[in-house]
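*Asks:* First, the structure itself, so that you have it in front of you.
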Ligand code: GLA
């Protein structure tokens, strides 16, 4: 049973295949966290020890007994202002201006299946695997309630959380913080791994010991952002890729978020994750509710790779739209790096035809096809074809591309507006800007106010009308700026704090509408590369463009960091021309492909400009991906090394262990070097694998335990890819 309640001890026991999560109804109804980790069968209610501490406040009910203080008692959903002085999960201003909130247990229910969150993405309730626990808590002095939702997915060792706050008072209240989850550990002997970055350098894994005080990983840019990913790992100091305890927390959310890790004076570590409170407040009228986004938690005792595999499984099977499960993206050719915005129909036809000759399966027309878009300063918001560039229109052009035997994809950036556009002329108040203050521009564009239904509806109608008669197989959905000048002309002053979250809800609404209206279209998320790479977007789009930095060597680090929470199958990764447009570096075309194989695979170039040797390489690479994508992108992914300066190795093993794809990248060569041995992982020990590129036949056991000697490569930044096929 995934969830039980021990009546006698008042302990909730949540169990997955290998993990347990426990909490209890403690004295006076406080909901007290007990344990999360390796599976234990019994209730561990002996864990909390009540002690008298110096200078600690006590709940009124304790009378003269000073042994219970909320600074030590670890609450599942800590309120604010009543002596738990750590980061709170929830903070509320009541009608009288006071802002204490002190939640106590009221009731609970347990059922099969999983809750859904209206208007927001969350892991899908498929199969019979899920169980749900709902626990209702109420403030001790008012009728403000919170329902805590726990989803237990046994097979993936995953526990989800989300909360719904309900105002049952007869006056309004204002939420100042409403987080998704709070997770506690009785120790500070832990490391945290978070994923920082910037444009072109997304998701660098950074590991540091947790420390006294607060460490915050966050975004207030309106999007989850290039700068921090809404995910975090907590683990033992000794935990490695292959062994040790580790925990993950990932938000299914695409907007402003905050993950706080706090160590207190008793060396307890608390993690609180959810919507960023600095850019948020929300008015709740009597009877109204507020739902937080979902947080996905997991634990592995098998090291970081084990934890990643839990998240990879859950993303592949319970998050992305079901029709794309285990379906690879057609090998695509995108014209962005080849032409930028400056193209016409015949030029694109030539690029597409040349791609077809090499074996490409889909042509994607990037930015520049609509409205007045003759440069990047204009046109956004007008989703009608620019007939000067494309005389056949989108319907006609898509048919021409299909006529070549290619699928057809198109780029849109529906959340944006250029001041130089018809839409702006008609509706200048539809953008996010403060009247009387010149708005900050980024790439010369402004953001549409998606907190307004009429804006979302209007953009939907435009896109629908333009695309309904076209033959579209794929849409790249871009978003190219941070949110500033936060103000909606449709919200009253006291609701301006709702804008950022309402914007995200509007974004999800449009995504939901478009993806359900066009279920056959595969969407790819994008945000100046990987600036909105999160589980919220993946609910609608089965893949996200990883980074605008297509340099294979830079991609090592980007894809390595991304792989902690996201499987290769969702990582947009392409081969582009050299010298690389972002870094100026040149590496072989096979090295570029070696990284893209562990992703959605495609090309960002003009095939007409390749030499004969490169053209042959492209043909060979496409065939390789067609044959092995279900292994390299959809198999179990292993980070075999870190991202060091000498060499890097990674591999994927098919779920049935019958094949594997392994890549070794020599970063820096030097004279008179020793041989590098790499121990492979995830293979069937007893099986024999042939490795055609090396002319070897070896058992899984030899490859994993004795290792494989790497060839001597007399060149810097050169990758070799090897295929393992079970005999
Ligand atoms: C963003 C994307 C690119 C490209 C351009 C087009 O930067 O990440 O891939 O689509 O926009 O403007």
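FYI, it's all coordinate maths here, none of it is from the lab. Treat the numbers as computed from the prediction; the structure is a model and nothing was measured. Methodologically, a virtual Cβ is constructed for each residue, glycine included, from the backbone with ideal geometry; neighbour enumeration extends over all protein chains shown.
*Asks:* Taking the Cβ of each residue in 557, 431 as the centre, tally the other Cβ atoms inside 10 Å and list the residues starting with the fewest.
*Replies:* By the 10 Å Cβ count, ascending: 557, 431.
*Asks:* Pop the C-beta distance of residue 342 and residue 714 into the FRET formula with R0 = 35 Å and round what comes out to the nearest 0.05.
*Replies:* On the way: r = 41 Å, r/R0 = 1.16.
In this case the efficiency is close to 0.30.
*Asks:* Let me make sure I get this right: for the range 592-727, a, b and c are the square roots of the gyration tensor eigenvalues over alpha carbons, sorted descending. Under 1.5 in a/c it's rounded, otherwise prolate if a/b > b/c, else oblate. Which is it?
*Replies:* Oblate, because a/c is 1.5 or more while a/b does not exceed b/c.
*Asks:* With a 10 Å Cβ neighbour count serving as the proxy for reagent exposure, in which order, fewest first, do 592, 124 appear?
*Replies:* Values: 592 27, 124 17.
Starting with the residue having the fewest Cβ neighbours, the order is 124, 592.
*Asks:* Let me ask something else about it. Once every DSSP H run of n ≥ 4 in the chain is given -39500 (n - 2.57) and the sum is divided by its residues, what mean residue ellipticity at 222 nm do you get, rounded to the nearest 500 deg cm²/dmol?
*Replies:* That comes out to -5500 deg cm²/dmol.
*Asks:* Which three extents, in angstrom, do the Cα atoms of the chain have along their principal axes, listed largest first?
*Replies:* Principal extents (Cα only, largest first): 87, 69, 45 Å.
*Asks:* Taking the 0 to 90 degree range and rounding to the nearest ten, how far is the long axis of helix 345-358 tilted relative to the main principal axis of the chain, both from C-alpha atoms?
*Replies:* 90 degrees
*Asks:* Follow-up. What is the helix-to-structure angle for 499-517, meaning the angle in degrees between its Cα long axis and the longest Cα principal axis of the chain, kept from 0 to 90 and rounded to the nearest 10?
*Replies:* With rounding to tens, the tilt is 50 degrees.
*Asks:* Another question about this same structure. Could you state the angle between the C-alpha long axis of helix 393-403 and the longest principal axis of the C-alpha atoms of the chain, as a value from 0 to 90 degrees rounded to the nearest 10?
*Replies:* 60 degrees
*Asks:* Now for a different question. Pairs of Cα atoms under 8 Å, at least six residues apart: use those to get the relative contact order of the chain, whole percent.
*Replies:* 10 percent
*Asks:* Sticking with this structure for a sec: So how far apart, in nm, are the two label points at residue 240 and residue 701 if each is 7 Å from Cα heading toward Cβ?
*Replies:* Placing both labels 7 Å along Cα→Cβ, they lie 2.1 nm apart.
*Asks:* Here's another thing I want to ask about it. Give me 245, 453 ranked fewest to most by other Cβ atoms within 10 Å of their Cβ, as a rough exposure proxy.
*Replies:* 453, 245
*Asks:* Which residues among the range 437-476 fall inside the zone where the amide N is under 19 Å from a point 7 Å beyond the Cα of residue 387, along Cα→Cβ?
*Replies:* Residues 462-471 fall inside that zone.
*Asks:* If you don't mind, another one. Work out, step by step, the length gained on full extension between residue 350 and residue 216: first 0.36 nm times the residue separation, then minus their alpha carbon distance; give nm to one decimal.
*Replies:* 43.3 nm
*Asks:* Using the basic label-point model (7 angstrom from Cα toward the beta carbon), what is the residue 187 to residue 46 distance in nanometres?
*Replies:* Roughly 1.8 nm, to one decimal.
*Asks:* Further, regarding this structure: Once a ≥ b ≥ c are taken as the square roots of the eigenvalues of the Cα gyration tensor of the range 3-318, is the result rounded (a/c under 1.5), prolate (a/b larger than b/c) or oblate (a/b not larger than b/c)?
*Replies:* Rounded is the answer for the range 3-318, as its axis ratio a/c remains below 1.5.
*Asks:* Where the centre of each part is set by its Cα atoms, how far does the range 655-727 sit from the range 234-273, in angstrom?
*Replies:* When both Cα centres are located, 34 Å separates them.
*Asks:* For residue 141 and residue 726, compute 0.36 nm times the residue count separating them, minus their Cα-Cα distance, and round to one decimal in nm.
*Replies:* 204.0 nm
*Asks:* Starting from the Cα gyration tensor of the range 397-532, take the square roots of the eigenvalues, sort them a ≥ b ≥ c, and report rounded, prolate or oblate (rounded when a/c is under 1.5, otherwise prolate if a/b is larger than b/c, else oblate).
*Replies:* Because a/c hits 1.5 or more and a/b exceeds b/c, the range 397-532 counts as prolate.
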